[in-house]
Amino acid sequence: MNAPGTVERPLCVAVIGSGPSGFYATEALLKASTLTVRVDLFDRLPTPFGLVRGGVAPDHQKIKAITVIYEKVASDPRVRFFGNVKLGRDISVEDLRARYDQIVYAVGCESDRPMGIPGEALDGSFAATDLVGWYNGHPDHRHHRFDLSCEAVAIVGIGNVAMDVARILTQDAELLAKTDAASYALDGLRNSRIKRVYLLGRRGPVQAAFSPKEIEELGEIERAT
């Protein structure tokens, strides 16, 4: 019997998750010059690209353009994509082990991390995961409802996501309408009464996790002061 990885017996790999990690793992397998491989990408959502589709801010289209590389990987005849397939519901690990030589788990982190502080669960307190998924049209978050009738919002954190949220909440909704922001989110942002956004960080500016470019983008918002 031929060893896996030959023309006669390709190495069959299942990649669970079709976000950036899943695609980069697939690309690396395809580039392995000493292996003949076949890769099946599985995702519980009907569409691929993971956080590039559902996590990157809609006004950052240059970053989202990375999907061109993923599309090239997906178009390789050695690759197949199976969407709307959930591990544990539609297929089991035992099913995969019976049909594949290797399994790559590239599922990422889909939930927020609670801070464990008093008041965290009160009305009006949300995880960034919920809001970001909401304005990106993620199936898990599109039914959330956010009260944007208040004038002030506090964002806990000073990383890239915090900056994205601050920018989206204060940006002109008509400018966002030119992006792939969800239509229902645009309706909510058009009726927003938010005037002030406070960013709360537990450390100083030296430890901030955002880039200088993101600070510049806040200054470019027409109504920012």
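The values are calculated or read from the model by the stated rules, or taken from the named source; none is laboratory data. Since we're looking at a predicted model, the values are computed, not measured. Virtual Cβ from ideal backbone geometry, glycine too; neighbours counted across all protein chains shown.
Things worth noting here:
- Residues of region 19-51 that turn out to be buried (at least 20 other Cβ atoms within 10 Å of the Cβ) and closer than 22 Å to Leu189 by Cβ, as a count: 0
Here's the yes/no breakdown for (1) in the same structural domain as Lys64 (by TED's automatic domain parsing); (2) among the hydrophobic types (A, V, I, L, M, F, W, C); (3) under 24 Å from Glu120 (Cα atoms); (4) touching a residue at least 12 places away in the same chain (Cβ under 8 Å):
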| position | (1), (2), (3), (4) |
| --- | --- |
| Arg145 | no, no, yes, no |
| Ser149 | no, no, yes, yes |
| Ala154 | no, yes, yes, yes |
| Gly157 | no, no, yes, yes |
| Val165 | no, yes, yes, yes |
| Ile168 | no, yes, yes, yes |
| Arg196 | no, no, yes, yes |
| Ser211 | no, no, no, yes |
| Glu214 | no, no, no, yes |
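- Note on region 1-11: residues that are of a type in the set (A, V, I, L, M, F, W, C) and surrounded by 16 or more Cβ atoms within 10 Å (Cβ to Cβ) total 1.
- Some residue of region 91-101 being outside the structural domain of Ser21 (by TED's automatic domain parsing), outside any loop (DSSP other than H, G, I, E, B), at pLDDT 95 or above and farther than 22 Å from Ala208 by Cα: no
- Checked against the criteria, Ser125 does not count as closer than 18 Å to Leu45 by Cα and either among the small types (Gly, Ala, Ser) or in contact with a Phe, Trp or Tyr (Cβ under 7 Å, 6 or more places away or on another chain) (or both).
Here's the yes/no breakdown for (1) within 19 Å of Val132 (Cβ to Cβ); (2) not in a helix (DSSP H, G or I):
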position: Met163; (1), (2): yes, no
position: Ile168; (1), (2): yes, no
position: Glu174; (1), (2): no, no
position: Leu186; (1), (2): yes, no
position: Leu189; (1), (2): yes, no
position: Arg202; (1), (2): no, yes
position: Phe210; (1), (2): yes, yes
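- Residue in region 57-72 that is of a type in the set (A, V, I, L, M) and in contact with a Lys or Arg (Cβ under 9 Å, 6 or more places away or on another chain) present: yes
- Residues in region 186-198 that are touching a helix residue (DSSP H, G or I) at 6+ places or on another chain (Cβ under 6 Å) and more than 11 Å from Leu169 (Cβ to Cβ) were compared, and the one that is surrounded by the most Cβ atoms within 10 Å (Cβ to Cβ) is Leu186.
- Given (1) modelled with pLDDT of 95 or more; (2) outside any helix (DSSP H, G or I); (3) of a type in the set (S, T, N, Q), number of the condition Thr34 does not satisfy: (1)
A quick yes/no check of all residues on (1) assigned to a helix (DSSP H, G or I); (2) within 30 Å of Gln171 (Cβ to Cβ):
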residue: Leu41; (1), (2): no, no
residue: Thr47; (1), (2): no, yes
residue: Lys72; (1), (2): yes, no
residue: Phe81; (1), (2): no, no
residue: Val107; (1), (2): no, no
residue: Met115; (1), (2): no, yes
residue: Asp123; (1), (2): no, yes
